[in-house]
Every structure is written in C-alpha cells, then in structure tokens.
1. Give me the number: length gained by fully extending Asp106 to Glu385, i.e. 0.36 nm times residue separation minus the C-alpha to C-alpha distance, one decimal in nm.
2. Assign one of three labels to region 165-282, namely rounded, prolate or oblate, based on the Cα gyration tensor with a ≥ b ≥ c the square roots of its eigenvalues; rounded applies when a/c is under 1.5, prolate when it is not and a/b is larger than b/c, and oblate otherwise.
3. Residue by residue through region 365-373, what is 3J(HN,Hα) from phi via Karplus (6.51 cos²θ - 1.76 cosθ + 1.60, θ = phi - 60°)? Round to whole Hz and write x for glycine and proline.
4. Multiply the residue separation of Glu409 and Asn56 by 0.36 nm, subtract the distance between their alpha-carbon atoms, and state the gained length in nm to one decimal.
5. What order do you get for 310-322, 357-369 when each peptide is scored by the mean count of other beta carbon atoms within 10 Å, highest first?
6. Just rank Lys91, Lys214, fewest to most, by other beta-carbon atoms within 10 angstrom.
7. Pairs of Cα atoms under 8 Å, at least six residues apart: use those to get the relative contact order of region 327-413, whole percent.
8. Which cross-chain or sequence-distant (5 or more) residues have an amide H under 5 Å from the amide H of Ala183, H modelled 1.01 Å from N in plane?
Amino acid sequence: MKQRFIALICIATLVFCGCGGKKQSSVQTDSGSEQPDATEESTEQSRNDPVTITFNSKTETYHADDLSTVLLYTSYQKPTVTIDGHPKISKTITQSLNEELDAFQDARLESLLSARISFAESPDSFSAYHLDEDFSCTRQDSRIISFESTRKEFTSEETHSAAYGGFNYDLENGKTLSLSDIATDSNALINSALSFINQQLLLPNYGKISQLAKHDGSDVSSNLLEHVLMDGNWYFTKAGITFIANDGVITPSYSETLLFSVPYQQLNALRPEYHYTGNFQLNALMGSAVSADMDGNGEMDAVYYDTTYNEETGMLSSTLTVDGTDYSEMLYNGDFTLSRSAASDITNEYYLIDLDTTDEYIELAIPDDGLRTTYFFRYAGFHLEYLGSIPDLIDSSTFQLNNVLSQLEESEN
C-alpha cells in the first residue's frame, strides 16, 4: 500500500458546466485609443460543494489607426470564488485575484505601445501581437484553494514568453497563504524544498542548466532562494507544492520556465492541516523531469518525457525515461500514436496520477490534444508497462478518474 499523507480533508469530483458566451458588437475608436475595437466574453463554472469557481473569459482586439490592421489580441480569464454561506470570505479571495487583473492591464498597455511602435517601423512585415492569461485550479478541498496563472505573450518578431504565478487561499478565512503560514518552520520547509530541487537538477535532463550556470557564473542555489522559493512563485497541487522558476531566474542564459514539484513527503515542517490525502496527481511541463514513488517501494523515481516537432522534416521525436532507463522505443510502437498537437510548446503538460488508491502504483499519463487521447503507463520496478489509452484528456470537464481503469480494460478486449 502506498503511503498516505496526514490530512483532515477528502477530494470530491469537480463537475464542470459550460455557459453560453456573450458577444459584444465591434466599437470604432479614435486614433491611439486604449479601448478595444471588439470584445468577446464567455463563462465557465466548476463546483465542488460548497465552493463554486466561475471563470469569466474576455478577449479583446485592438486595431491600428487604419482600422484594418490588428495590433493586439488579448485574452484574460478571471476567476471568481463563491463559498456558500460565506460571502465575506468569497469577497476577500476574489478581490485578491482581481489584483492580478490590474497587473494584466498594465502588461496590456505595454504590449499595445510596443505593437504600435513595431507597426510604425515595419508596417509591411508586421503581424499582430498576442497577450493571454489564464488560470487553472490546482487544488481545491475543504481547507485550500490554489490557482496557477499562465501569462503568454507573442510578438510580431515571433518571439514568445510565458510567465507563471501561484495563488493560494485558506478557505476558513480567505487569507492569502504565505510560506510562513503553511509551515511550523518556514526555513525548514524552504531548505527541504531547496534540497529536493537541487537533487532534481542533478538529473541528466538538466545538464544544460549546470553548463549555462557555470558559463554565467551563477550560484544556482542562491538564485533558487532569492527568486523561486518565495511567495507568489508557488501553489499547492494534489501531489505537493510546485515552485515556479520563470525565464532566466535560475541563470540568465536559460530562457525557459521550469516548474519544480516537491512531493508532500519531502517537505519538512508543513502544517498537518495543509497536507492532502486524495488521489495523487502531479502535472509536469513537457521537457521537465519530476519525481514520485511510482512503484510503491518507498523510493523516488525520476520521470522525464518530451515530444518535439521538426519543422523541416515534419517528424515527431519523443523521449521517455524512468530512473535513467530509456523507454522511448515504447512511444514508437503500433499501439501508441501521437499527432502534431502532442509536441511540446511552452505550456504542454504530462501527468503522474494515481488511478487506484488500493494498489501501490502511480501511473504515467501522456495526453495528445489533437487526437483527444490520453495514453497510460505503469512502472513496476525496472519495467515500464503500456496500459492503453482512453478517448479523453485529464484536464477536460468530461474526465472521470474512477472510470479510467475500466476503460483501459475494455480497450484491451
């Protein structure tokens, strides 16, 4: 039996209800106006009694003075939290999340100004800028609600970036949680997280970071303490605490975002009320390594998965390793098929997920958005087994964790 973390909570299945979108008519604006020329809004809700999360999405379009050239597309997903019988707590959490909207509006003004300048300098080669921010709920139970935010920006010069953030709230009072709040000794918690992340960085897949840090003269541990293991850069998940290393913070020459997921059992001094006992689920950015006890032997197993697309050859290339053993060939057999959409971009993820709490295993799940299919593997100690696939995605509203094993069994027959 796999170890379970001490907690006073249990997880309930989220039920998503899509609501109809509301469109507003296009509005012509004056030269240099900061108002959008077109706006579109939509709403989606999730409910896990007594909490309802409403995601209000708004997309806006900004044109140049000629009204024919689009300068900027923006999209923002604003979460609103409602707790039955607790309006003050609901308001406190929602007001905190609204502060991120203010920051997004500042970024929008900067992007619009940059787009105007770029269009004025090179009108013939200009293409529209994009600025998007969305939220996902990473943990919700009777005590905690956590969100991950992702802000993506694309420019006319085909450069793109993604910045992540974390938001964590205590549902008993609506308070924004800090690392000091969740630990009996915040230094002990931070140092245990630092030790785990440094061990992760020793994995072969992160060798490039060590080389770049040496070239830059960077002290990786110091940078982690100053820029990663701090408030605003973490969030709770069903597996542990994820710490965010945005572009360039580990060492200036490394321009990608890394998400380090530290399992609960590796975090010293975490208060018991913030532990988690539901089904383990760990989201990992494609191209990054994560660790979990995959086979129930009490030791952490390092997993790495990535799929890339070669524009010149039109071919996909996939890599899958567990504890240093290369299982990539399993991704090229007849039972496993990936589409172009499976190739990693700046936000694609794969998962470690506990499909059955009565056995000792944690399964690996690889999604393909294009085929709307998720493939499952099980690591049984020096052996990786392909379990099959289901016609659904883990992050979709239709995904039912309790039905996965039965679907996999049916697919074998």
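Where a number appears in this text, it was derived from the coordinates with a stated rule and is not lab data. What you are looking at is a predicted structure, and each value in this text was computed from that prediction instead of being measured. A quick note on method: Cβ atoms are made from the backbone with ideal geometry, for glycine too, and the neighbour counts reach across all protein chains shown.
1. That works out to 95.6 nm of additional length.
2. Taking the square roots of the gyration eigenvalues as a ≥ b ≥ c, region 165-282 is prolate.
3. So the Karplus estimates, Gly and Pro as x, are 10, 10, x, 10, 4, x, 8, 6, 9 Hz.
4. 123.3 nm
5. Top to bottom by mean Cβ count within 10 Å: 357-369, 310-322.
6. So the residues, fewest neighbours to most, are Lys214, Lys91.
7. Numbers: 116 pairs, mean separation 17.8, N = 87.
Here the relative contact order equals 21 percent.
8. The answer is Arg271.
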